[in-house]
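The structure appears right after this line, and notes come after that.
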Amino acid sequence: MNEPSQQPQISEPSQAPQGRVTRMLLRWLMRPARVAAVETLSRRLRLIELEGEALRDVAWTAGQKIQVAMGAGLSARTYTPMSWDTGHGRTRLLAFAHGDGPGSRWASGLREGDRCQLFGPRRSLDIADLVAPVVLFGDETSFALAAALRDNSRAGGALHMFEVTDVAESRQVLDGINLGQARLITRSAGDTHLAAVEAEMLRLAANGAQFVLTGKASSIQRVSRALKAAGVASLRIKAKAYWAPGKIGLD
């Protein structure tokens, strides 16, 4: 997938050897896991399945996040699990390999049988109480959340709308995770494409929809303002910024 015109900024992991304190923290806080499968969905998006005894009997709800350790030290990359099989100790996630950050290097180099350490799951975006009709707006970083939301029985049949850079490749990925009905809108210079997003959101708001806004911070802010200006109550809007140009640490 071609990179969006501006991408999430990811901090580089420390290259220093792990000290005794760091090793102790990793043992206490992290869950060891093994890469059970890796599937290339597109040039830059990979579907990853992790497994391990430490992933069994875990309390997980759709919308929560995990953080996977990257390199030495405590640097990590955040992912939204698509699903979690607590009985068998397995979770699935999507990794977007772009640029030369630690997350991209990890996703690009993964092989079945590799080991990793992860922290979580923990709270990120609470969608457990959503009931249909639900509208999810986001971008390439929101695909995994959309898959998790699809499997939430109370919010089943949610409408998914994504701003993307490469429509053909995004469609390929979404077809691969059974989200082929999603609506894709091509990013344009100056974010002029968001006018079409706003118009569609306002149309859906009239039908009593609840909204989940994710992805790029500025896009979320613009769509949220339009909804609230049209009288949509804040209780009908949930938002989570996954990235912003030039920012480090959003998850």
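The values are calculated or read from the model by the stated rules, or taken from the named source; none is laboratory data. It should be emphasised that the depicted structure is a prediction, and the values quoted were computed from it without experimental measurement. For neighbour counting, all protein chains shown are included, and Cβ atoms are generated from backbone atoms with ideal geometry for every residue, glycine included. Just the protein is used for accessible areas: all its heavy atoms, side chains included, with ligands, DNA and RNA removed. Shrake-Rupley method; radii C 1.70, N 1.55, O 1.52, S 1.80 Å.
Considering each residue of region 204-215 in turn, at least one proves to be outside any strand (DSSP E or B), open to solvent by less than 60 Å² (accessible area, probe 1.4 Å) and touching a strand residue (DSSP E or B) at 6+ places or on another chain (Cβ under 7 Å). Filter the strands (runs of 3 or more DSSP E) completely within region 1-95 down to those with at least 1 residues that are at pLDDT below 90 and either of a type outside the set (Phe, Trp, Tyr) or more than 21 Å from the chain's Cα centre (by Cα) (or both). In region 1-95, 76-79 are the strands (runs of 3 or more DSSP E) which contain 1 or more residues that are at pLDDT below 90 and either of a type outside the set (Phe, Trp, Tyr) or more than 21 Å from the chain's Cα centre (by Cα) (or both). Restricting the search to region 154-180, which residues are within 18 Å of Ser42 (Cα to Cα), open to solvent by 40 Å² or more (accessible area, probe 1.4 Å) and not in a helix (DSSP H, G or I)? Thr165, Asn178 - these are the residues of region 154-180 that are within 18 Å of Ser42 (Cα to Cα), open to solvent by 40 Å² or more (accessible area, probe 1.4 Å) and not in a helix (DSSP H, G or I). Evaluating Gly190 against the criteria (1) on the phi > 0 side of the Ramachandran plot; (2) touching a strand residue (DSSP E or B) at 6+ places or on another chain (Cβ under 6 Å) leaves one unmet condition, (2).
Okay, residues lined up against (1) surrounded by 18 or more Cβ atoms within 10 Å (Cβ to Cβ); (2) touching an Asp or Glu at 6+ places or on another chain (Cβ under 7 Å); (3) more than 18 Å from Val38 (Cβ to Cβ); (4) charged (D, E, K, R):
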site	(1), (2), (3), (4)
Trp106	yes, no, no, no
Gly109	no, no, no, no
Leu125	yes, no, yes, no
Ala128	no, no, yes, no
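Taking the residues in region 56-66 that are out of contact with any Asp or Glu (no Cβ under 8 Å at 6 or more places or on another chain) and buried (at least 19 other Cβ atoms within 10 Å of the Cβ) as candidates, determine which candidate is nearest to Asn152 (Cα to Cα). Reasoning before the result, please.
We begin by selecting, within region 56-66, every residue out of contact with any Asp or Glu (no Cβ under 8 Å at 6 or more places or on another chain); these are 56-60, 64, 66.
Right, trim to buried (at least 19 other Cβ atoms within 10 Å of the Cβ) and you get 64, 66.
On the way: Gln64: 13, Ile66: 19 Å.
Out of the qualifying residues, it is Gln64.
Out of all the residues in region 191-203, is one or more modelled with pLDDT of 95 or more, farther than 25 Å from Arg43 by Cβ, exposed (fewer than 13 other Cβ atoms within 10 Å of the Cβ) and polar (S, T, N, Q)? Among the residues of region 191-203, at least one is modelled with pLDDT of 95 or more, farther than 25 Å from Arg43 by Cβ, exposed (fewer than 13 other Cβ atoms within 10 Å of the Cβ) and polar (S, T, N, Q), which makes the answer yes. In the condition set (1) of a type in the set (Gly, Ala, Ser); (2) in contact (Cβ under 8 Å) with a residue 60 or more places away in the chain; (3) open to solvent by 20 Å² or more (accessible area, probe 1.4 Å), Ala76 is compliant with all but (2). The residue that is farthest from Leu125 (Cα to Cα), among those in region 79-103 that are hydroxyl-bearing (Ser, Thr, Tyr) and in contact (Cβ under 8 Å) with a residue 60 or more places away in the chain, is Ser83.
Inspection of region 91-101 finds no residue satisfying the criterion of being touching a Phe, Trp or Tyr at 6+ places or on another chain (Cβ under 8 Å), surrounded by fewer than 21 Cβ atoms within 10 Å (Cβ to Cβ), among the hydroxyl-bearing types (Ser, Thr, Tyr) and closer than 26 Å to Ala128 by Cα.
Would you check which residues across region 106-144 are part of a loop (DSSP other than H, G, I, E, B) and among the β-branched types (Val, Ile, Thr) and list them?
If the condition is that a residue be part of a loop (DSSP other than H, G, I, E, B) and among the β-branched types (Val, Ile, Thr), then Ile127, Val131 are the ones that fit.
Taking region 121-153 as the search range and keeping residues that are at pLDDT 85 or above and of a type in the set (Ser, Thr, Tyr), which one is farthest from Ser42 (Cα to Cα)? By that ranking, first place goes to Ser124.
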